[in-house]
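S.K.: Below: one structure in structure tokens.
Nothing in this text is a laboratory measurement; each read-out follows from the coordinates by a stated rule. None of these values were measured; they are calculated from a predicted model. Cβ placement follows ideal geometry from the backbone for every residue including glycine, while neighbour counts extend to all protein chains displayed.
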């Protein structure tokens, strides 16, 4: 009971954070910013939603194929259609209740493909570990081609572009403060849970062991080359979606791959920070694009447009998959009986 209550409170906390961030990103819209947004939207290339939609659907299909490859390694061979439908229903559920979608897609696939759900949970954990490693690689690439980006982004959250440079706090100092806050949180956790430093070290060791197990599991896959190809293709499609998104607005069409990596990095954090990325995704993209000289109003519109397109894809794909999976399997059973 206490665990369920804690889960509910945790979800409500992050949902409240998302709503707060959405309000924060919209609260300072004045007549000038409204004019910027109106001008940008009046000249937007809305037809680019079609290729971006197709790219995002393709990324979800690649994720389904990669998951299917992991399931194959367990000796089960689910149909690609059912695997894709389960992935989309999982994404849709995660929009409402984070992590519930992972459980639901496992139970859904287990129902239609007769694969033990507990074994599917293991493949999901492995997927998340691999995605975490890949995301860290994306951060590293972004930092390598733009060394000061993250400190500039941190600075942007604490200062208005109109603030005098002399009055601004160094991004490195802010980063140090954030590290100090993380340490304080760990110490508070130790105090509440009555843990010591050995427990903290043991926790980090378990995390490191999980990461290593994920890497080792990939090494032992019979088709690990294909698995790595799917992983690279998945994140390339994410990157491509943001890059093509630049051409939707005249004000952003001058940006390229360098900025696309920044968008992917910031957007990924935003999607993790709050349920469905609500508030956090658009705000992080707004702050990121302002660093590249984009007008505040246009940067805000760009962030919300990309978030809305991604959410629209999940809503349409998830609802369609929820309706299609029983229909597809009913027809399959009838066809097999005949």
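S.K.: Largest first and in whole Å, what are the equivalent-ellipsoid semi-axes of the stretch 84-125 based on the Cα gyration tensor, each being the root of 5 times an eigenvalue?
M.R.: In descending order, the three semi-axes are 17, 11, 7 Å.
S.K.: Hey, fewest Cβ within 10 Å first, where do 322, 227, 197 land in order?
M.R.: Ranking 322, 227, 197 by Cβ neighbours within 10 Å, fewest first, gives 197, 322, 227.
S.K.: Follow-up. Between residue 327 and residue 205, what is the label-point separation in nm under the 7 Å Cα-to-beta-carbon projection?
M.R.: 5.4 nm
S.K.: Would you compute the Debye intensity of the stretch 48-96 from its alpha-carbon atoms alone, equal scatterers and no solvent, and pass along log10 I(q)/I(0) at q = 0.20, 0.25, 0.26 Å⁻¹ to two decimals?
M.R.: The Cα Debye sum returns log10 ratios of -0.70, -0.92, -0.95.
S.K.: Let me ask you something else. Quick one: if you take sqrt(5λ) for each eigenvalue of the C-alpha gyration tensor of the stretch 39-149, what semi-axes come out, biggest first, whole angstrom? Walk me through the numbers on the way to the answer.
M.R.: Working: eigenvalues 186, 82, 34 Å².
Result for the stretch 39-149: semi-axes of 31, 20, 13 Å.
S.K.: Radius of gyration and Dmax for the stretch 104-145's Cα atoms, expressed in Å?
M.R.: Computed over the Cα atoms of the stretch 104-145, radius of gyration and Dmax are 15.2, 47 Å.
S.K.: Note down, for the stretch 222-262, the three equivalent ellipsoid semi-axes (square root of 5 times each alpha carbon gyration tensor eigenvalue), biggest first, whole angstrom. If you can, show how the numbers build up before the last one.
M.R.: Working: eigenvalues 167, 13, 4 Å².
Rounded to whole Å, the semi-axes are 29, 8, 5.
S.K.: In terms of the Cα gyration tensor, with a ≥ b ≥ c the square roots of its eigenvalues, is the stretch 228-338 rounded because a/c is under 1.5, prolate because a/b exceeds b/c, or oblate?
M.R.: The shape class here is prolate.
S.K.: Could you sort the peptides 48-55, 89-96 by per-residue average Cβ neighbour count (10 Å cutoff), highest mean leading?
M.R.: Working: 48-55: 16.2, 89-96: 20.6.
By packing density, highest mean first, the sequence is 89-96, 48-55.
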